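Heads up, the thing below is written out as structure tokens.
The values are calculated or read from the model by the stated rules, or taken from the named source; none is laboratory data. Given the structure is predicted, the values throughout are model-derived calculations rather than measurements. When we count neighbours, we look across all protein chains shown, and the Cβ atoms used for this are built from the backbone with ideal geometry, even at glycine. Note: accessible area is taken over every heavy atom of the protein model, side chains too, but ligands, DNA and RNA are not part of it. Shrake-Rupley method; radii C 1.70, N 1.55, O 1.52, S 1.80 Å.
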Amino acid sequence: MGLDMYLTGETFFYRRDRRRGEKKGELFDLGYWRKHPNLHGFIVENFADGVDNCQPIDLEPGDLVRIVEAIQAEDLPHTEGFFFGKSDGSEKQNDLETFRAAIAWVNEDAEGELRSVSYRASW
């Protein structure tokens, strides 16, 4: 048990066959954290209006940039929760690499594709 955190990318595109146009998508694992409550708290407070029900939280490219800025400034709020564990600051470099890679991925120009990123936690 504990706080598991997932950053997921999804591509959307249309495939046409003779019968009908069909919307397709593909999921990509962009990041995973275990017990990093301060990052979780920042995302929930800033992009989910403080609602923390393990729901998917859609993140726009600008949101991802804002998260990177908060990580760089060490401005993630102290966050506690049952079985959440503790953020200790050692996560910073991995956080930055993960979110910068997500920004590059979502902004990649892929013809015929729409890309989105979402965050989800479970405990």
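For the range 115-120, take each phi angle, set θ = phi - 60°, evaluate the Karplus expression 6.51 cos²θ - 1.76 cosθ + 1.60, and give the result in whole Hz per residue in order, putting x for glycine and proline.
Once θ is set to phi - 60°, the couplings for the range 115-120 become 10, 9, 10, 9, 10, 8 Hz.
To two decimal places, what compactness ratio does the range 29-94 give when its Cα radius of gyration is scaled by 2.2 N^0.38 Å?
1.06
Multiplying the sequence separation of Arg120 and Phe12 by 0.36 nm and subtracting their Cα-Cα distance, what value in nm do you get? Spell out each step's value before the answer.
On the way: separation 108, 0.36 × 108 = 38.88 nm, distance 1.90 nm.
Roughly 37.0 nm would be gained on extension.
With the chain treated as a Gaussian network of Cα nodes joined by springs under 10 Å, which of Gly31, Gly85, Gly62 yields the largest mean-square fluctuation?
Most flexible of the set in this elastic network: Gly62.
Taking the chain as a Gaussian network, where each spring joins two C-alpha atoms under 10 Å apart, which residue of Leu96, Leu27, Leu76 fluctuates the most?
It is Leu27.
What is the gain in length, in nm to one decimal, between Asp75 and Leu96 on full extension, counting 0.36 nm per residue of separation less the C-alpha to C-alpha distance?
Contour length minus the Cα-Cα distance gives 6.3 nm.
Note the full-extension length gain between Tyr32 and Asp88 as 0.36 nm times their separation in residues minus their Cα-Cα distance, in nm to one decimal.
So the chain would gain 18.5 nm between Tyr32 and Asp88.
Given Cβ point charges of +1 (Lys, Arg) and -1 (Asp, Glu) and nothing else, what value in debye, to the nearest 20, does the dipole of the chain about its Cα centre take? Please report the intermediate quantities before stating the final value.
Numbers: 15 positive and 24 negative charges, 145 e Å.
Dipole magnitude for the chain comes out near 700 debye.
From largest accessible area down, sort Trp105, Trp33; use a 1.4 Å probe on the protein chains.
Trp105, Trp33
Specify the angular offset, from 0 to 90 degrees and rounded to the nearest 10, of the alpha carbon long axis of helix 37-47 from the longest principal axis of the alpha carbons in the chain.
Result, in degrees: 50.
Angle between the Cα long axis of helix 92-107 and the longest principal axis of the chain, 0 to 90 degrees, nearest 10?
Its long axis makes an angle of about 20 degrees.
State the percentage of accessible surface on the range 26-123 attributable to carbon and sulfur atoms; use a 1.4 Å probe and exclude ligands, DNA and RNA.
Carbon and sulfur together cover 46 percent of it.
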